[in-house]
Each structure stands twice: as structure tokens, then as C-alpha cells.
Amino acid sequence: EPEVTQTPSHQVTQMGQEVILRCVPISNHLYFYWYRQILGQKVEFLVSFYNNEISEKSEIFDDQFSVERPDGSNFTLKIRSTKLEDSAMYFCASSEGVRTKYFGPGTRLLVL
Amino acid sequence: GIQVEQSPPDLILQEGANSTLRCNFSDSVNNLQWFHQNPWGQLINLFYIPSGTKQNGRLSATTVATERYSLLYISSSQTTDSGVYFCAVGNTNAGKSTFGDGTTLTVKP
């Protein structure tokens with residue numbers, strides 16, 4: 001069964017550094033998403049992406065964040081000037097339409 | 001935005017028992033999913049169910065969209081059912097989903 005993959009599985013970075021989280025969505029899916037989950041808390045929506053542009057974003061998704069689909073298979077989340085509070089599990093998801101979302105295994109980001 | 005409430009927040013069962021998890025939402029929805037987050041943090045899709053009833057083995061779900069709630073039934077629970085169960089709903093064309101706080105299920109042998 002096709003699945004969403006994410007790399008790296010874990011990332012440790014120093015405060016103020018930039019990180020890029022990578023995702024390979026399911027190949028025939030058209031909608032892509034990033035969510036995050038701070039340890040012990042619920043899953044929060046960051047951004048949705050369709051037709052090579054952001055279709056919706058949350059208040060969390062400010063100028064510190066950006067997304068890109070650099071080629072036909074990858075979908076990336078860039079976090080600039082990381083802060084301690086950016087430490088979380090970041091999930092990528094994809095869907096064929098606005099229906100069943102399939103989530104990747106996540107990237108656990110730790111900012112020191 | 002849409003509000004999602006899940007109950008109960010915590011549930012402890014003996015293996016073999018049945019359970020019902022509830023998800024209430026504050027507005028009409030065009031998508032609703034139930035997920036199981038396993039101990040490794042993975043979000044496993046259980047059901048896509050904006051309305052109606054579905055069954056998959058020991059699990060079933062019912063969504064009554066007009067009354068803005070969904071139920072997840074787990075029968076003959078097993079220790080591997082332990083984890084957090086999330087309901088996620090959405091009502092936009094962009095496909096955004098809002099997650100509830102989850103129900104933490106512990107199944108004891």
C-alpha cells in the first residue's frame with residue numbers, strides 16, 4: 001500500500017538555525033499538508049497546499065515557516081530561526097481530494 | 001473556527017471489554033476521520049466517515065452529521081488497541097482538519 005514518507009525521522013538543531021523537513025506524498029495525491037504535535041498535546045494544522053500554492057494556513061504558520069514543492073515528488077517545510085517552542089513532531093499528510101488524509105510517520109524536531 | 005470535543009479524555013479497560021468514544025463538533029463538516037496514534041507516535045487512519053456507519057473488523061464508527069457527533073466503537077479490546085484516538089474534522093475546500101484533544105485508551109491484560 002502506498003504511504004507518505006518523511007525524512008529525517010529525528011532532527012536536533014540549535015536555536016536560531018534553519019531546518020528543512022522533507023516529505024514524499026503518495027504519488028497520485030493532489031493535496032498536501034503539514035501538521036505539528038507538541039509533546040503531549042493535540043495535533044495542530046499548519047498549512048495546506050494545492051496546485052503549487054498555499055490554500056490555507058493557520059495562525060501558527062507565520063513568516064518563520066515556508067513550504068515548497070521543489071520537484072514532482074517532494075514537499076518541504078522550512079523553519080527559519082528556530083525557537084525552543086518549535087520543538088515538536090511534524091507530520092506531513094496527503095490526500096487525493098479533500099477526503100481521507102494519510103499521514104507520514106513524522107519528524108521529531110528538537111531545538112536546543 | 002470549528003471546535004472539536006472528544007470524550008472521555010481517558011479510558012482504562014480490561015482486555016475483551018467494549019468501549020465507545022465520542023467526538024462532538026460545533027459546525028457542519030465535509031470531512032471527518034478517526035485516527036489511532038500508536039506508542040511510536042504514528043497516526044493510523046481508522047475511518048473516513050463524514051456521515052453514516054462503517055465497520056472494519058472489531059472497530060466501527062457512526063457519524064450523525066445533523067446532530068454533529070461521531071462515535072467510535074471498539075469491541076473485544078486488545079492490548080494493542082492502547083494509544084490515543086483522535087477525531088479530526090473539517091469544513092473548508094482546502095481540506096484543513098481540526099483535531100480534538102484525543103481519548104487515551106489503556107487496555108490491560
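For A:F75, the requirement of being farther than 30 Å from B:F47 by Cα and touching a Lys or Arg at 6+ places or on another chain (Cβ under 8 Å) is not met.
Entry remark, the range A:1-49: residues being open to solvent by less than 90 Å² (accessible area, probe 1.4 Å), within 13 Å of chain B (Cβ to nearest Cβ) and assigned to a strand (DSSP E or B) number 16 in total.
Among what's in the range A:91-110 and is farther than 25 Å from B:V29 by Cα and within 11 Å of another protein chain (Cβ to nearest Cβ), pick the residue that is most open to solvent (accessible area, probe 1.4 Å). Result: A:R108. For the range B:81-93, the candidate set comprises residues that are farther than 15 Å from B:H36 by Cα and surrounded by 17 or more Cβ atoms within 10 Å (Cβ to Cβ); within that set, the residue that is nearest to the chain's Cα centre (by Cα) is B:G90. Just to verify a result, which residue in the range B:19-35, among those that are open to solvent by 20 Å² or more (accessible area, probe 1.4 Å) and touching a strand residue (DSSP E or B) at 6+ places or on another chain (Cβ under 7 Å), is nearest to B:A94 (Cα to Cα)? Only one residue tops the list, namely B:N30. Sort out which residues of the range B:43-80 are of a type in the set (S, T, Y) and either open to solvent by 60 Å² or more (accessible area, probe 1.4 Å) or out of contact with any strand residue (DSSP E or B) (no Cβ under 6 Å at 6 or more places or on another chain) (or both), and write them in order of number. Matches in the range B:43-80: B:S51, B:T53, B:T66, B:Y73, B:S75, B:S76, B:T80. Looking at (1) under 24 Å from B:Q3 (Cα atoms); (2) open to solvent by 50 Å² or more (accessible area, probe 1.4 Å); (3) touching a helix residue (DSSP H, G or I) at 6+ places or on another chain (Cβ under 7 Å), which is the one condition that is false for B:E15? Evaluating B:E15 over (1) under 24 Å from B:Q3 (Cα atoms); (2) open to solvent by 50 Å² or more (accessible area, probe 1.4 Å); (3) touching a helix residue (DSSP H, G or I) at 6+ places or on another chain (Cβ under 7 Å) leaves (1) as the failure.
The rows are residues; the columns are (1) within 13 Å of the chain's Cα centre (by Cα); (2) modelled with pLDDT of 90 or more; (3) under 20 Å from B:A88 (Cβ atoms).
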| residue | (1), (2), (3) |
| --- | --- |
| A:T13 | no, yes, no |
| A:Q17 | no, yes, no |
| A:N28 | no, no, no |
| A:G40 | no, no, yes |
| A:N51 | no, no, no |
| A:K57 | yes, yes, yes |
| A:E68 | yes, yes, no |
| A:R99 | no, no, yes |
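Annotation for the range B:73-90: at least one member residue is closer than 25 Å to A:Q41 by Cα, in a strand (DSSP E or B) and in contact with a Cys (Cβ under 8 Å, 6 or more places away or on another chain).
The values are calculated or read from the model by the stated rules, or taken from the named source; none is laboratory data. None of these values were measured; they are calculated from a predicted model. Heads up, the Cβs are rebuilt from the backbone with ideal geometry, glycines too, and the neighbour counts pull from every protein chain shown. Accessible surface areas use protein heavy atoms only, side chains included; no ligands, DNA or RNA. Shrake-Rupley method; radii C 1.70, N 1.55, O 1.52, S 1.80 Å.
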